[in-house]
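Enquirer: Quick one: the structure is below, and I'll ask about it shortly.
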Amino acid sequence: MRNWDDCLQSIPGSTEKIPTLKCLEVVFENILTVAVSLAALALFVMLLVGGFRYLTSAGDPKAAGQARQTMTYAVIGIALMALAFLIFFIIEQFTGVAILKFEIPNIQ
């Protein structure tokens with residue numbers, strides 16, 4: 001999580017600080033960090049649940065198939081998340097544009 005102190009602006013003659021437009025960078029980065037973390041956690045839990053269901057299927061082909069399908073979806077989700085970051089990294093290397101860094105330019 002990024003610190004809020006970088007985007008707050010001091011009010012002249014006061015100890016108070018007010019948020020500026022630059023605080024949107026912090027908000028966006030924090031939301032994205034939490035969303036990716038929750039998605040990774042959900043996919044890991046799906047993988048664990050699918051494995052547990054597969055182990056406890058007791059030879060039932062239907063239950064084992066559903067468990068395998070759950071694990072397959074979890075692995076596909078993990079692979080898609082990794083592929084998205086890989087594509088962003090490749091685009092950044094070819095173009096030189098930092099896609100994963102959300103930054104609002106300073107206007108003085």
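No value in this document is a laboratory result; all are computed from the given coordinates. Source: prediction; values computed, not measured. Cβ: placed from backbone, ideal geometry, glycine included. Neighbour counts: every protein chain shown.
Enquirer: So what is the relative contact order for the chain, in percent, with contacts set as C-alpha pairs under 8 Å and at least six apart?
Expert: 22
Enquirer: Now, a different point. How big is the Rg/Rh ratio for the chain, C-alpha atoms only, Rh by Kirkwood, two decimals?
Expert: 1.24
Enquirer: Now a separate question. Using the Cα centre of the chain as the reference point, and only Cβ charges (+1 on K/R, -1 on D/E), how large is the resulting charge dipole? Debye, rounded to the nearest 20.
Expert: The calculation lands at about 480 debye.
Enquirer: Next question, about the same structure. Lys/Arg Cβ at +1, Asp/Glu Cβ at -1, dipole of the chain taken about the Cα centre: which of Phe52, Leu38, Ala82 is farthest positive-ward?
Expert: About the Cα centre, the residue reaching furthest to the positive side is Phe52.
Enquirer: So how tilted is helix 23-55 from the main axis of the chain? Cα-based, degrees 0 to 90, rounded to 10.
Expert: 10
Enquirer: Order the peptides 70-80, 34-44, 93-103 from the highest to the lowest mean number of other Cβ atoms within 10 Å of their residues.
Expert: Descending packing order for the listed peptides: 70-80, 34-44, 93-103.
Enquirer: Only sites in a loop by DSSP and with at most 16 other Cβ atoms within 10 Å count here; which GluC sites (Glu not before Pro) in region 1-66 make the cut?
Expert: Filter output for region 1-66: Glu16.
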